[in-house]
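Shown next, in structure tokens, is the structure this report addresses.
The values are calculated or read from the model by the stated rules, or taken from the named source; none is laboratory data. All values reported here derive from a predicted model rather than from experimental measurement. As a convention, Cβ positions derive from the backbone with ideal geometry for all residues, glycine included, and neighbour counts pool all protein chains shown.
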Amino acid sequence: MNTETPLDARTSELATNLAALTARIDAACRAAGREPGSVRLLPVTKFFPAADLGILYRLGRREFGESREQEATAKVAALPELAGERDLSDVRWHMIGRLQRNKARIIARWAHTVHSVDSERLAMALDTAARDALEAGQRDTPVRVLLQVSLDEDPARGGVAPAELDALADLVAESEALQLGGLMAIPPLHADTDSAFARLATLHTLLLQRHPGATELSAGMSSDLEAAVEHGSTCVRVGTALMGARPITSA
Ligand SMILES: *Cc1c(COP(=O)(O)O)cnc(C)c1O
């Protein structure tokens with residue numbers, strides 16, 4: 001931490017929230033009989049200014065979750081100056097929001113992991129884009145892909161239907177410039193989160209039988225991370241409980 005700069009109000013707020021969240025995640029791990037530290041916190045910074053990411057960087061965070069391409073692309077460009085660090089090669093950007101195929105090219109330039117791949121067409125577009133980005137030297141690893149599963153089979157909310165999961169997983173696993181990392185889900189609105197995450201855990205167990213490397217389970221947000229950790233989440237995506245209420249709510 002830069003000792004010349006006094007702790008401003010936003011820095012202390014974010015530091016306090018980070019400490020509380022870490023304690024909350026650790027408690028959830030213990031309650032589930034899991035190793036504290038076995039669940040990663042992915043700060044979701046959408047709708048918050050890039051300056052906040054600079055603060056989080058200086059507080060030691062190296063992963064950021066964003067859900068809108070334009071906003072994220074601008075923050076990726078702005079972070080080096082805000083973080084006071086030119087070499088940000090240890091930062092991992094996560095695209096967690098719904099993604100259109102025509103955004104694949106730009107996303108492939110900066111995303112370490114995409115949490116929201118839910119169709120073969122999107123996976124193929126991302127593979128092509130990632131291959132080009134690798135060739136152009138814009139990235140040096142395949143794009144890590146999490147398959148977003150629909151737990152209510154409402155196509156409007158995104159996610160692949162469980163019946164189509166195996167085919168999509170096989171396609172991603174065979175794609176040269178993609179790496180199959182695991183699964184992601186958002187519980188259906190008004191659903192019982194406990195049974196939604198239990199269903200997700202079952203799907204993840206089945207996936208692991210075919211693809212043992214697909215160990216990531218991205219599940220749990222501010223309001224439901226305890227239930228997600230109980231059902232095997234390895235990565236909780238937390239916005240509100242860290243950053244405060246968003247100025248506008250996202251879909
Ligand atoms: C915004 C968002 C989150 C964070 O939600 P909070 O309830 O603010 O913690 C998690 N995952 C996705 C996909 C999101 O879009």
Being away from the ligand (no atom under 16 Å from the Cβ), crowded, with 22+ Cβ neighbours inside 10 Å and of a type in the set (A, V, I, L, M, F, W, C) narrows it down to one of A123, A111, so name that one.
-> A123
Does V229 count as under 21 Å from F48 (Cβ atoms) and not in a loop (DSSP other than H, G, I, E, B)?
-> no
Does region 5-14 contain any residue that is more than 25 Å from M221 (Cα to Cα) and touching a residue at least 40 places away in the same chain (Cβ under 8 Å)?
-> no
G239 being within 14 Å of the ligand (Cβ to nearest atom) and on the phi > 0 side of the Ramachandran plot | no
Going by the conditions given, is G137 modelled with pLDDT under 95, away from the ligand (no atom under 16 Å from the Cβ) and of a type in the set (G, A, S)?
-> no
Evaluate region 168-178: report whether one residue or more is away from the ligand (no atom under 16 Å from the Cβ) and assigned to a strand (DSSP E or B).
-> yes
For region 229-250, enumerate the residues that are in contact (Cβ under 8 Å) with a residue 60 or more places away in the chain and of a type in the set (A, V, I, L, M, F, W, C).
-> V229, C235, V236, V238, A241, L242, M243, I248
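Being modelled with pLDDT under 95 and within 16 Å of the ligand (Cβ to nearest atom) is the requirement here; does A227 meet it? Explain how you work it out, then say what you get.
Values: modelled with pLDDT under 95: no; within 16 Å of the ligand (Cβ to nearest atom): yes.
Against the criterion (modelled with pLDDT under 95 and within 16 Å of the ligand (Cβ to nearest atom)), A227 does not qualify.
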Can you name every residue in region 190-224 that is assigned to a loop (DSSP other than H, G, I, E, B), more than 16 Å from the ligand (Cβ to nearest atom) and surrounded by 19 or more Cβ atoms within 10 Å (Cβ to Cβ)?
-> A214
